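> Following this message is one structure expressed as structure tokens.
What follows is calculated from the coordinates using simple rules that are stated; it is not laboratory data. What you are looking at is a predicted structure, and each value in this text was computed from that prediction instead of being measured. Every residue, glycine among them, receives a Cβ derived from its backbone with ideal geometry; neighbour counts consider all protein chains shown.
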Amino acid sequence: MASPRYLIGQGEKLSEEIARPPRGMGEKAHPYSFDDARRRLAPQLRAAAASIANLPTLACPGGEAVLEMTLHPSYLAKSYYPSAFIRELDLQHLGSRATHIAPDKIVSKRAKESEKLQPAPVLYLSGNSRGIREFAEKIDQWRPAKDDVRDDFRQIETIAAPGRNRLKHISPKYRAGQSIPLEVVLHAPADDHAFIIAGFEKYVRTLGLRVDIERRRQAGGLCFLPLRAPRESLDDLLNFSFIRALREVPRIAPFEPTLRISGPQFRMPLRPEQAIAPDLAVAIFDGGLPEDHGLDSWVTLHDAPGVGAPVTAAQKHGLAVTSAFLFGPVSEGVQHAIPFANVDHWRIIGADHRADDFDLFTLLERLEGILTSRRYDFVNISLGPDCVIDDDDVNVWTSSLDQLLAPGETVATVACGNNGERDRGGGLHRVQPPSDGVNMLAIGASDRVGSGWKRAPYSACGPGRSPGFVKPDFLTFGGSSGSPFLVLADVAPPRVSGTQGTSFAAPLAMRSGAGIRAQFAEPLWAPTVKALLVHHANRSDHPKAEVGWGFVSHNLGDLVLCGDHEAHVVYQRQMPVSGAVRLYLPLPTGLTGNVEIKATFCFYCDVDPEDAINYTRAGLEIQFRPNTRLIPPPYRKNGKLITPTTPSSDTFFSAADLYATEHMRRDDAQKWETTLSKTKTKRAASLVQPAFDVSQITREHGHASRRSSNMKVALVLTIRNRNAPNLYDQVVVSSGNRLQPMRARAGVIVPVKTTP
């Protein structure tokens, strides 16, 4: 019997460290001269200073106030961060967000042709309120001595005091005088925030209100606080200069699936066989399990500290979610699958949830407490705030979990939401937090398995924020009225019934990830498992905003085996602090015709929650070099002789491939995405020791910072050639046997591959 063609591992043995490739920096076309900028901005600055002067004294804690500074769209890249001007005025960076504007002067040819609003960064800066007023008074005569200060000043398109746009949607259900449960988001730098929080507490007392300081959540440079206030007090609250956002606090989404399925039920005898990989650490955070659930062979049930009494509906949801992970979709008359791993089920919802308007804070605290005290290889979250993502600001659930998951040790699957049929015009169909996280997998639901699948109507849509634009990451089966997801729904005796929802697609995706890890003896990093799942997604002809990277089969053979004419190769490489890495593609010699190359890169990274537009602190510059043996000859450009020192590069990943033209789009945006996947077709004759040159790039609060010393990058590479049915063996042999098929764990059954 032929050996199974498992994934090919050790791709990193085909890598070498190289010098960082040269970066082309052309001449910058500045929209404004210094005198033009001063003439434009002087009245704006005076108006901002007047607004600050009119604020109550207590609204400016420590005599400090906040300014919103919007840069011209030409200055999106981190190299244009106006650090010299910020130092000159003794300002402090608080955060940033994206906006779309029509600048007074357009310098980009593409922008002129499109006639659309252009993306631009808004910076939040704080400084001494008296100093801001004094600068506004003398700006007409101001001429800084340093060139870099003048150049930075020319970048500014507008400057203003924070306005009413910080107030987000408030439900009309609240009448005059009625207390509204609010979430207040404050600019509060992590290393110097005590005076701002104390100042806010003192300020709200003057309004006859009380903020619950003990329940505050700090995420990077933002502080999230619960507060009750009537509608009449909202404008007074917005006077506090350091408020980033004020909104009605979202409740945790209810457990009920979008549509209860009525249909035949059947019993499912449980086989208490040991999990395939009991060494894997897996957690589900949900509503608990019913008594006598019968899953003790694989499940350890925990109550989160402080959780209230169990809720029956929550326990049923928890049982269905746990069943989806352990067994996948079950079938009548067929024995259930052997679980890939055991699981800790953490009950984080109790009866106290119902009367708690601020359960968003309570449940997050429970989640954080568990994740900071234990290490898990996989976690699943099928609950979250019942609100859609906000492009301007990052939700506290998203930012907190992204920070916890940044080390890259855990694969986290998150249900993207069952709100896909809500109002599209208002964006109420978009994915819900925390599924917009960059260090998590947002899972949507398909309506069926196999050919003809579509996004289930209830499954939330993208796009996500940028970075994190492709959301959901992918779809797995979540059930529909015509094809329900069959799960364990009752105990004593165990009984199966149908349901549907992204709540069940998410643990099914986690099951696939755990199955990949359980199949092999070699360790696979969390970014590698995430990359493998994305890599095997098939988008077909569905819109990316609806299905992300596509539909992922939950059949294990489709994820770990190679077919005819193809080879899947896994690279796991830690990036050097200096220099770059060249990752060679194991392309056999003698191939003819076209070669299809699919590459998926994935990494985890630290985040800046206060910088929505510059959220990720790390990125990758990736250059594809079809022929690393050939250095191009010298050539002339703009009258200068250019002598190349590196092989020619060919476009592989680009912003045009990733972003919709009507959404947030910038030339370097794809470099800051934590997941990139693309397929290209090349002529075999044009490929001579092809390679990806990969450089780590970093930023902090939108400007340059030191590179991380422990950044792990995963690459999953597929090579296909219709003229080489034995391509798999050729790839291994041509590598000098540095590449080897991954070794199956002892005793595991070889899965079956169903996709061609």
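> If you take the square roots of the eigenvalues of the alpha-carbon gyration tensor of the range 180-240 and sort them as a ≥ b ≥ c, do you get rounded (a/c under 1.5), prolate (a/b over b/c) or oblate?
Since a/c reaches 1.5 and a/b is larger than b/c, the shape of the range 180-240 is classed as prolate.
> Mind listing the long-range amide H neighbours of Leu475? Cut-off is under 5 Å, sequence gap 5 or more, other chains count too, H placed in the peptide plane at 1.01 Å from N.
Gly444, Gly550, Phe551, Val552
> A follow-up question, please. Only one of the listed values, (1) 117, 73, 57; (2) 86, 74, 41; (3) 89, 64, 48, was derived from the coordinates as Cα extents along the principal axes in Å; which label is it?
So the calculated entry is the one marked (2).
> Right, here's the next one. Can you work out ³J(HN,Hα) from phi for every residue in the range 295-311, in order, using Karplus 6.51 cos²θ - 1.76 cosθ + 1.60 and θ = phi - 60°, giving whole Hz and x for Gly and Pro?
9, 4, 5, 10, 10, 10, 8, 10, 9, 5, x, x, 5, x, 4, x, 10
> Name the residues whose placed amide hydrogens come within less than 5 Å of the amide hydrogen of Ala489, ignoring near sequence neighbours (fewer than 5 apart) on the same chain.
When sequence neighbours closer than 5 places are left aside, the close amide H contacts are Arg495, Val496, Ser497.
> Give me Tyr6, Tyr458 sorted ascending by neighbouring Cβ count inside 10 Å, so fewest comes first. Don't jump to the answer; show the numbers that get you there.
Working: Tyr6 20, Tyr458 24.
With the sparsest Cβ surroundings first, the list reads Tyr6, Tyr458.
> Provide the gained length on full extension for the span Asn538 to His169, in nm with one decimal, where the gain is 0.36 nm per separating residue minus the Cα-Cα distance.
Computed gain between Asn538 and His169 is 129.2 nm.
> Just check the range 270-559 against the gyration tensor rule for me: Cα atoms, a ≥ b ≥ c as the square roots of the eigenvalues, rounded for a/c under 1.5, and otherwise prolate or oblate depending on whether a/b exceeds b/c.
Numbers: a/c = 1.28, a/b = 1.09, b/c = 1.17.
Here the range 270-559 falls in the rounded category.
> Let me ask something else about it. Which cross-chain or sequence-distant (5 or more) residues have an amide H under 5 Å from the amide H of Ile697, H modelled 1.01 Å from N in plane?
Gly619, Leu620, Glu621
> From the phi of every residue in the range 574-588, what ³J(HN,Hα) in whole Hz does the Karplus formula 6.51 cos²θ - 1.76 cosθ + 1.60 yield, where θ is phi - 60° and glycine or proline is x?
So the J values, rounded to whole Hz, are 8, 6, x, 5, 10, x, 9, 10, 9, 9, 6, 8, x, 8, x.
> So how do 269-275, 686-692, 120-126 stack up, highest first, on mean other-Cβ count within 10 Å?
Values: 269-275: 12.7, 686-692: 19.0, 120-126: 23.0.
Output ranking for 269-275, 686-692, 120-126: 120-126, 686-692, 269-275.
> Among 229-237, 183-191, how do they line up from the highest to the lowest mean number of other beta-carbon atoms within 10 Å?
Order by mean packing, descending: 183-191, 229-237.
> Is the range 34-166 best put as rounded, prolate or oblate by its Cα gyration tensor, with a ≥ b ≥ c the root eigenvalues, rounded for a/c under 1.5, and otherwise prolate when a/b is larger than b/c, oblate when not?
It is prolate, given that a/c is not under 1.5 and a/b is the larger ratio.
> Straight-line reach from Lys173: which aspartates and glutamates fall under 14 Å, measuring Cα to Cα and dropping same-chain residues less than 8 apart?
Glu248
> Using the Cα centre as the reference, give the magnitude of the dipole from point charges on the C-beta atoms of the chain (Lys, Arg: +1; Asp, Glu: -1; all else neutral), rounded to the nearest 20 debye.
Numbers: 89 positive and 82 negative charges, 411 e Å.
The dipole magnitude comes to about 1980 debye.
> What percent does the relative contact order of the chain come to when contacts are Cα pairs within less than 8 Å and at least six residues apart?
15
> Given contacts defined as C-alpha pairs under 8 Å and at least six residues apart, what's the relative contact order of the range 270-559, whole-number percent?
Relative contact order, the range 270-559: 19 percent.
> Per-residue ellipticity at 222 nm for the chain, helices alone: DSSP H runs ≥ 4 residues times -39500 (n - 2.57), over residue total, nearest 500 deg cm²/dmol?
The helix contribution divided over the chain gives -6000 deg cm²/dmol.
> Compare the peptides 71-84, 580-593, 362-375 by average per-residue count of other Cβ atoms within 10 angstrom and give them in order, highest first.
Per-residue Cβ counts within 10 Å, averaged per peptide and sorted highest first, yield 71-84, 580-593, 362-375.
> Among the DSSP beta bridges whose two residues both lie in the chain, what percent are antiparallel, rounded to the nearest 5?
Of all bridge pairs located within the chain, approximately 75 percent are antiparallel.
> In whole Hz, what ³J(HN,Hα) sequence does the range 39-50 give by Karplus (6.51, -1.76, 1.60; θ = phi - 60°), x for Gly and Pro?
5, 6, 8, 4, x, 5, 5, 5, 5, 5, 5, 5
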